[in-house]
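Trainee: Sharing a structure with you now.
The values are calculated or read from the model by the stated rules, or taken from the named source; none is laboratory data. From a predicted model like this one, the values you see are computed outputs, not experimental measurements. Don't worry about glycine lacking a Cβ; one is built from the backbone with ideal geometry, like all the others, and counts go over all protein chains shown. The area values use the complete protein model at the heavy-atom level, side chains included, leaving out ligands, DNA and RNA. Shrake-Rupley method; radii C 1.70, N 1.55, O 1.52, S 1.80 Å.
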Amino acid sequence: MNTKIIRTLIKKELLDVFRDKKTVIMMLVVPVILYPLIFIGAMQVFAAISSSMEKQDYRIAVDAEDDGAFLQALLEISSEKENSGKDEADGESYTLIAYDVRSLDSNHDYMNKLREEEIDAYVVGRMHKDKMLYDVYYMSSVTNSAYAGNIVMDVFEKFREEMTKEKIWQAGLHASEILEPILFEKQDISTNEQSLGSIMGSVLPFMLIISLLMGTMYPAIDTTAGERERGTLETILTLPVASRQLIVSKFITVATIGIISALLNILSMGGIALYMQQIMELGENVQSFDMSRFIPAILIGILAVFAFSLFISAITMCVTSFAKSYKEANNYITPLMLVVMIVGYIGFIPNLELNRTLAMIPVANICLLIKNILVFKIDYMIIAIVLFSNIAYAMLAILFLSKIYDSEAILFGDAKSSFQLFEKRSNIQKGGVPSMSDAWFVMALTIVLILYVGSMMQIKYGIAGLFGTQMIILLVALSVVWYTKKDIRLTYGFHKTGARSYLGGVFMIIGFYLINMVMVTGLAYLFPESTENVSITFSEIMDGNIVGVFFVIAVTPAICEEMLFRGMLFHSMKARYRMPVAIGAVATLFGLYHMSLVKFIPTGLLGLLLCYMVYATGSIYPAMMMHCINNALSVFISCYPKQVEALLPVFSQDTLSLSDVFVLLGAGLLLFGVGLMILQGKHRKKQR
């Protein structure tokens, strides 16, 4: 690859980016100026609110049958606060305007006064089984009333303590020996640096990933959709520049801007941390922090930021490459921003340890890594996994981006990518398959409905709710196909095929099931918790009538899921992308749809096989049959464990011996090969 051309292109891209004032503002103004202003302003606001709450006058009405004992305790607390406010320079104190209802007009409705905010709290005390029972009424929706309620509860704690001591003294006993038979103190052995790192580790990772996303977002839009909107991309493509050189230069430009933005954010946040340190050291009894101990964490954090910058730059470029204008690109980037923010919240979850599994999950691995290194938990193997996984994901995204730029339809846009669902139905032409935008919308809406509606139905109705979930999968896609007037036969692949297709499918799916057993056993060893959760969920579904279980577990998904994935989604992608890309994308989505780490690989490979079956036969019916057989085998093994153990004991074992593995793999590969030969013979005949 010609590095001189790439350097020239990078220079050109950087000049274009820095001419855009939005990028400069996002890089400089936000981290260097806005963050400190927001932080200092927030500190001032919180201090003002706290000071205001402390200096308020709180009106408390007391209606108690205790001869004014609690009222006197309130007045004493108010007097103490007032005197402490006069003595202290900051003057933080509050005044309790407490009065006895019984000394006033007792006919007044003090509950109504509380609702109308004429008083802030209302205390009622009555004798109950030789003890005083107090009720404190307040309004949590009113700030002053809620604060007054807390003050009253604090006074009650002191009031009860004083009364307890008095009764003990009256009994002739020593109060401190009775109330404090033991002494204890809590000793924190964490260093000051660890405590500071723990606080920073909750907030800093989230702010870093958001700032990186914001830093790469505008350059990515400008170098992709911006060029298309300005019409300069066509000019570049006329030059003797390869698509891969163009992509690499754009990627390096966006990643560079992201890294610069991230470093500016780190410096800004570091300045804020130093400011906090200086403020804290000015206080009394506050030990200083040795900031040099954070140097290894900072260095590792910078490497993590670099790796994440590569990943997020590639992802944002992939997303914005589909847009034809700046405005459209902003719309496309919004879902990505929401996903990154939601995953970034993982850093706020307490007691979540970064293991090798989480180290492979994008965004989450960076957040947890930075959180760990700030409290000096350094595992070099985990760090290597996090860094290399982000780089690997970035390279995969770049490869995908190169496929996008090799597609003329993607570069210049066409009607196949636009939303037809939101057009007036009378303006939509009949025929064809759904556009990719409509297919993605169907997929997203289906997943949202499954998460909210489907999960609630399954919790409430069990296996009937699972059937309802499958109906959601079927009806959402059917509704869109009907509204956009698409050809149902083309969209779903409802075409006749010969008996050889079904015969080959039977051999292939049984062979795949045997191979899959070995794979699932290995995954269960690697991910025992995820496997146990899947087993518990599956066993709960199996508790029912065998006919109903077979219908819902085997038949219904074979129809509904196939119509969505190998039907509408596969044929929409096949019309737009090359066949390997369409098959791989649908298989990946099918694995992700099952929302389980241990099921992702088996279901993804099953999706790959079913997509190939639809491609090879031109019909969705053999794929439906194969899906049904695959699920029916699982149902049979779960419902008739004794019979299965008697006939085929290897199917009922939790672990497999080496001989079992060879037998299953050998038989599976043989059956799969026979089915593939039958299918390829059918495919060659079809091609002739």
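Trainee: Give me the percent of the accessible area of the stretch 412-527 that comes from carbon and sulfur atoms, probe 1.4 Å, all protein chains in place. Before the final figure, lay out each step's value.
Mentor: Numbers: 4320 of 6140 Å².
It is 70 percent, rounded to a whole number.
Trainee: Let me ask you something else. Using a probe of 1.4 angstrom, how much of the accessible area of the stretch 580-642 is carbon and sulfur, in percent?
Mentor: Numbers: 1730 of 2310 Å².
Looking at the stretch 580-642 in its full context, I get 75 percent from C and S.
Trainee: Cα gyration tensor of the stretch 620-663, axes a ≥ b ≥ c as square roots of the eigenvalues: rounded (a/c below 1.5), prolate (a/b > b/c) or oblate? The partial results should precede the final answer.
Mentor: Values: a/c = 3.36, a/b = 1.65, b/c = 2.04.
Since a/c reaches 1.5 but b/c is at least a/b, the shape of the stretch 620-663 is classed as oblate.
Trainee: In this model, which of LYS403/LYS599; LYS486/LYS574; LYS4/LYS250; LYS131/LYS167; LYS324/LYS485; LYS11/LYS250 are farther than 18 Å apart at the alpha-carbon?
Mentor: Values: LYS403/LYS599 28 Å; LYS486/LYS574 15 Å; LYS4/LYS250 14 Å; LYS131/LYS167 13 Å; LYS324/LYS485 25 Å; LYS11/LYS250 10 Å.
In this structure, LYS403/LYS599; LYS324/LYS485 lie more than 18 Å apart at Cα.
Trainee: Applying the Karplus parametrisation 6.51 cos²θ - 1.76 cosθ + 1.60 with θ = phi - 60° to the phi angles of the stretch 174-187, what ³J(HN,Hα) value in whole Hz is obtained for each residue in order, glycine and proline being reported as x?
Mentor: So the Karplus estimates, Gly and Pro as x, are 8, 5, 5, 5, 7, 7, 10, x, 9, 10, 8, 9, 9, 10 Hz.
Trainee: Calculate, for the stretch 560-688, the solvent-accessible area per residue in square angstrom, rolling a 1.4 angstrom probe over the heavy atoms of the protein chains. Working shown, then result.
Mentor: Details: 6060 Å² over 129 residues.
Result: 47 Å² of accessible area for each residue.
Trainee: In debye, nearest 20: dipole of the stretch 303-387 around its Cα centre with unit charges on the Cβ of K, R (+) and D, E (-)? Walk me through the numbers before you get to the answer.
Mentor: Numbers: 5 positive and 3 negative charges, 21 e Å.
So the dipole magnitude of the stretch 303-387 works out to roughly 100 debye.
Trainee: Stretch PHE156-LEU352 to full length: gain in nm at 0.36 nm per residue minus the Cα-Cα span? Please list the in-between numbers first.
Mentor: Working: separation 196, 0.36 × 196 = 70.56 nm, distance 3.83 nm.
Between PHE156 and LEU352, full extension yields an extra 66.7 nm.
Trainee: What are the ³J(HN,Hα) couplings of the stretch 255-272, residue after residue, when phi is run through the Karplus curve with 6.51, -1.76, 1.60 and θ = phi - 60°? Round to Hz, x for glycine and proline.
Mentor: So the J values, rounded to whole Hz, are 5, 5, 4, x, 5, 4, 4, 5, 5, 5, 5, 5, 5, 5, 5, x, x, 5.
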